[in-house]
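Visitor: One structure, as structure tokens, below. Some questions next.
The values are calculated or read from the model by the stated rules, or taken from the named source; none is laboratory data. Since the model is a prediction, treat every value here as computed from it, not as a measurement. Positions of Cβ are backbone-derived with ideal geometry, glycine not excepted, and every protein chain shown enters the neighbour counts. With ligands, DNA and RNA removed, areas are computed over all heavy atoms of the protein, side chains included. Shrake-Rupley method; radii C 1.70, N 1.55, O 1.52, S 1.80 Å.
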Amino acid sequence: MSKRIETTDLNVYYGNFRAVEDVTITIEPRSVTAFIGPSGCGKSTFLRTLNRMHEVIPGAYVEGEVLLDGENLYGPGVDPVRVRRQVGMVFQRPNPFPTMSIKENVLAGIRLNNRRMPKADQDDLVERSLRGANLWEEVKNRLDLPGSGLSGGQQQRLCIARAIAMEPQVLLMDEPCSALDPISTLAIEDLMSELKEQYTIVIVTHNMQQAARVSDVTAFFNIAGTGSPGKLIEVGPTDKIFSAPDVQATEDYISGRFG
Amino acid sequence: MATIVHAAETLTAGRLPRATVPVSLVGSVLLGYALAILFTGGANIGLAVALAYLLFLLVMEIATRVVEGPRQASDRRATNLVVGAFVLALLPLGSLVWEVLSKGIPRFDVPFFSQSMRNVVGAGGGAIHAVWGTVYVTGMATLISVPIGLLTAIYLAEYGVRNRLSKAITFFVDVMTGVPSIVAGLFAYALMGLLLGPGSRSGFAGSIALSVLMIPVVVRSSEELLKLVPNELREAAYALGVPKWLTIVKVVLPTAVSGLVSGVILAIARVIGETAPLLIAAGFTASMNNNLFENPMMTLPVFVYDSYAHPGTDVQAYWDRAWAGALTLILIVMILNLAGRLIARRFAPKTR
Ligand SMILES: Nc1ncnc2c1ncn2[C@@H]1O[C@H](COP(=O)(O)OP(=O)(O)OP(=O)(O)O)[C@@H](O)[C@H]1O
Ligand SMILES: [Mg+2]
């Protein structure tokens with residue numbers, strides 16, 4: 001149920017602009033890997049290459065390999081749609097479908113793909129996913145109301161519920177807590193610790209404490225200056241990165257002596 | 001050390017009493033009327049209104065500037081100018097509605113909607129053949145234009161973003177928007193002449209002519225609407241492993257549907273009153289014709305034109321029918337707009 005991701009010398013481009021340069025990293029299954037680094041260093045960009053979401057931007061392309069349990073996501077004949085069914089994603093900004101109710105939003109992955117599922121199983125899945133995202137208690141009485149009527153933080157948890165309802169192998173989360181209060185954040189963090197029993201989880205965060213709390217492995221990305229590509233500076237067990245990193249820049253960034 | 005110098009230390013400013021606007025409005029109207037009589041010796045309404053408006057602008061400007069200050073004065077000036085322009089723009093519409101109503105009502109009766117003009121010379125008769133003709137011809141035109149227009153818009157907005165083909169299509173659609181309606185009519189007439197033999201006129205030919213006019217409108221409005229759908233929704237669907245076409249059908253279109261419907265209705269309203277192309281392509285007849293593909297078919301605009309341009313001996317009867325036809329046409333457009341609004345509201349994304 002959980003797969004390993006390996007990238008080798010991955011370069012990511014927006015047209016002529018190289019946003020990320022030569023990233024080689026291994027992301028272990030059944031663990032939480034955190035990406036940290038200054039704004040604009042390419043964390044989101046790199047994350048989006050892991051489920052082939054990068055290429056939906058016109059002119060954007062990728063050079064190099066991303067292996068999912070040894071299978072190259074960018075190999076010939078690979079269908080990005082199939083990739084995305086295995087590698088789920090939660091975005092930086094909550095994006096529930098405005099035409100759908102809360103329940104329909106959770107079931108979106110199934111309904112939009114025209115998959116059939118008995119009514120009882122659907123209700124079951126909705127409850128399980130919403131509980132998983134710590135939203136069930138708040139919305140159980142209004143499952144048929146529009147998802148866009150929720151607060152920002154609730155919408156984000158709805159999006160998490162929508163992603164885990166697909167039961168992906170890997171879950172990518174791009175700053176999932178940046179719009180959440182401390183209580184929901186804690187709930188999401190607990191959720192991550194739970195989910196990592198089954199899934200591979202990658203999270204981008206600007207919150208050092210969060211990275212320290214939830215992640216097993218931390219990867220630090222940095223950028224030399226505007227216009228130059230982002231690079232993976234250092235990756236290692238979170239304890240080590242936060243206590244005795246090998247690279248000075250990592251230490252500066254983590255201790256707040258940056259720039 | 002730079003310090004900010006405040007113009008005035010108080011937070012309050014003078015306010016004009018609420019009655020100022022109505023009082024100065026009435027005063028300006030009376031004074032403008034008096035001045036108009038003084039200048040021209042008679043009651044010239046247009047001049048009186050213009051003078052009253054200018055006086056009102058002047059009075060409000062001075063009063064506001066003195067009591068409330070220059071910023072509020074410019075605010076009022078802008079407000080008054082905008083309201084003035086709005087009223088000026090509404091005048092022709094009001095006059096048109098009044099004219100059509102007063103002249104159309106006399107023949108807006110049951111026979112008008114139950115009889116055709118078959119064997120009618122002079123008074124009596126009706127326009128049922130033209131009403132149905134308009135429904136058939138525009139309905140068929142909509143059936144042709146909406147799929148073509150919508151699919152083109154989907155291609156432009158979703159698949160061919162910024163590629164050569166979509167640039168070319170956009171260019172030709174723009175050219176099509178500018179095609180004079182008479183040319184569309186001639187095109188349809190010539191096309192049907194080629195297909196079915198020279199000189200053939202039918203409701204379907206009229207539909208083709210209207211489609212030529214309608215398609216670019218549908219393409220343009222739909223494309224704009226599809227582009228308004230936030231990319232985040234598409235990405236959300238892709239991230240769930242939904243293929244592109246399903247994303248378009250199940251996420252993009254439902255999100256935009258209310259606007260798409262309004263766009264289509266506007267496009268129908270735009271072509272339903274076309275006269276020249278229908279005159280050529282669909283021709284005219286005095287009898288009911290339920291077959292779109294054979295024989296000429298009467299439509300409301302052509303009916304109005306024909307009644308007005310070729311009255312028989314009883315001129316007034318023909319002209320009354322023309323006005324009643326015009327009234328019917330306006331009503332149909334109005335009903336379409338209302339229906340469009342209702343549908344749009346029904347489908348609009350809900351937040352509560
Ligand atoms: N759609 C795009 N087209 C072109 N360039 C882009 C696009 N999205 C991002 N970039 C560029 O790629 C670089 C990396 O952006 P990215 O969004 O990955 O940064 P990030 O590390 O996620 O930053 P943040 O922490 O602020 O979210 C930036 O220089 C950005 O300007
Ligand atoms: Mg980002």
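Visitor: Which residues, counting only those in segment A:85-104, are of a type in the set (D, E, K, R) and within 14 Å of ligand 2 (Cβ to nearest atom)? Full working, then the answer.
Guide: The initial filter retains those residues of segment A:85-104 that are of a type in the set (D, E, K, R), namely A:85, A:93, A:103-104.
A:R93 - this is the single residue of segment A:85-104 that is of a type in the set (D, E, K, R) and within 14 Å of ligand 2 (Cβ to nearest atom).
Visitor: Also, I was wondering about something else. Which of the residues spanning segment A:121-139 are hydrophobic (A, V, I, L, M, F, W, C) and part of a helix (DSSP H, G or I)? I'd like the intermediate steps shown before the answer.
Guide: Just the residues of segment A:121-139 that are hydrophobic (A, V, I, L, M, F, W, C), to begin with: A:125-126, A:130, A:133, A:135-136, A:139.
Matches in segment A:121-139: A:L125, A:V126, A:L130, A:W136, A:V139.
Visitor: Okay, moving on. If a residue must be within 16 Å of ligand 1 (Cβ to nearest atom) and either on the phi > 0 side of the Ramachandran plot or over 17 Å from the mean Cα position of the chain (by Cα) (or both), how many such residues does segment A:71-109 contain?
Guide: Pass one, segment A:71-109, residues within 16 Å of ligand 1 (Cβ to nearest atom): A:89-95.
After this cut, where a residue has to be either on the phi > 0 side of the Ramachandran plot or over 17 Å from the mean Cα position of the chain (by Cα) (or both) as well, the list is none.
Residues meeting the conditions: 0.
Visitor: Do you know which residues across segment B:221-257 are at the interface with chain A (Cβ under 7 Å from one of its Cβ atoms) and small (G, A, S)?
Guide: Scanning segment B:221-257 gives B:A236, B:A237, B:A239, B:G241.
Visitor: Return a yes/no flag: does segment A:33-47 have any residue that is touching a residue at least 40 places away in the same chain (Cβ under 8 Å) and more than 16 Å from ligand 2 (Cβ to nearest atom).
Guide: no
Visitor: Show the residue pairs that are 6+ apart or on different chains and have beta-carbon atoms under 9 Å apart, the first residue being within segment B:228-245 and on the phi > 0 side of the Ramachandran plot, the second being open to solvent by less than 20 Å² (accessible area, probe 1.4 Å) and at pLDDT 95 or above.
Guide: The qualifying pairs do not exist here.
Visitor: Suppose the filter is surrounded by fewer than 16 Cβ atoms within 10 Å (Cβ to Cβ) and more than 19 Å from B:V87 (Cβ to Cβ); does B:P22 pass it?
Guide: Numbers: surrounded by fewer than 16 Cβ atoms within 10 Å (Cβ to Cβ): yes; more than 19 Å from B:V87 (Cβ to Cβ): no.
Taking the combined requirement at face value, the residue does not satisfy it.
Visitor: Next question. Condition test on A:P38, is it within 13 Å of ligand 1 (Cβ to nearest atom) and over 25 Å from A:T250 (Cα atoms)?
Guide: On the way: within 13 Å of ligand 1 (Cβ to nearest atom): yes; over 25 Å from A:T250 (Cα atoms): no.
No.
Visitor: What tally of residues in segment A:114-145 results from selecting those that are within 12 Å of chain B (Cβ to nearest Cβ) and modelled with pLDDT under 90?
Guide: Looking only at that region, the number is 2.
Visitor: Follow-up question, since we're still on this one. Would you kindly identify the strands (runs of 3 or more DSSP E) lying entirely within segment A:148-259 that contain at least 1 residues that are open to solvent by 30 Å² or more (accessible area, probe 1.4 Å)? Before the answer, list the steps.
Guide: Numbers: elements: A:170-174, A:200-204, A:217-223, A:230-237.
In segment A:148-259, the matching strands (runs of 3 or more DSSP E) lie at A:217-223, A:230-237.
Rundown of residues vs (1) open to solvent by less than 80 Å² (accessible area, probe 1.4 Å); (2) farther than 30 Å from B:W319 by Cα; (3) outside the structural domain of B:L327 (by TED's automatic domain parsing), yes/no style:
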| position | (1), (2), (3) |
| --- | --- |
| B:G42 | yes, yes, yes |
| B:L47 | yes, yes, yes |
| B:L55 | yes, yes, yes |
| B:R65 | no, yes, yes |
| B:E68 | yes, yes, yes |
| B:N80 | yes, yes, yes |
| B:G84 | yes, yes, yes |
| B:E99 | yes, no, yes |
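Visitor: Within segment B:193-207, which residues are open to solvent by 10 Å² or more (accessible area, probe 1.4 Å), in contact with a Phe, Trp or Tyr (Cβ under 8 Å, 6 or more places away or on another chain) and of a type outside the set (D, E, K, R)? So that I can check it myself, show each step before the final result.
Guide: Start the filter on segment B:193-207 by keeping residues that are open to solvent by 10 Å² or more (accessible area, probe 1.4 Å), which leaves B:193-201, B:204.
The next check asks that each one be in contact with a Phe, Trp or Tyr (Cβ under 8 Å, 6 or more places away or on another chain); those that pass are B:201, B:204.
Passing the criteria: only B:F204.
Visitor: Still on this structure, I have one more. Restricting to segment B:123-142, what's the tally of residues that are out of contact with any Gly (no Cβ under 6 Å at 6 or more places or on another chain) and not in a helix (DSSP H, G or I)?
Guide: If we filter segment B:123-142 for residues that are out of contact with any Gly (no Cβ under 6 Å at 6 or more places or on another chain), which is where we start, we get B:123-126, B:128-135, B:138-142.
When the remaining residues are screened for being not in a helix (DSSP H, G or I), the result is B:123-126.
Of the residues in segment B:123-142, 4 are out of contact with any Gly (no Cβ under 6 Å at 6 or more places or on another chain) and not in a helix (DSSP H, G or I).
Visitor: Mind listing whichever residues of segment B:258-289 are away from every other protein chain (no Cβ under 14 Å) and of a type in the set (S, T, Y)?
Guide: Within segment B:258-289, B:S262, B:T275, B:T285, B:S287 qualify.
Residues checked against (1) modelled with pLDDT of 90 or more; (2) over 26 Å from A:L73 (Cβ atoms); (3) within 14 Å of another protein chain (Cβ to nearest Cβ); (4) within 16 Å of ligand 1 (Cβ to nearest atom):
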| position | (1), (2), (3), (4) |
| --- | --- |
| A:G149 | no, yes, yes, no |
| A:A179 | no, yes, yes, yes |
| A:A224 | no, yes, no, yes |
| A:I241 | yes, yes, no, no |
| A:S255 | no, yes, no, no |
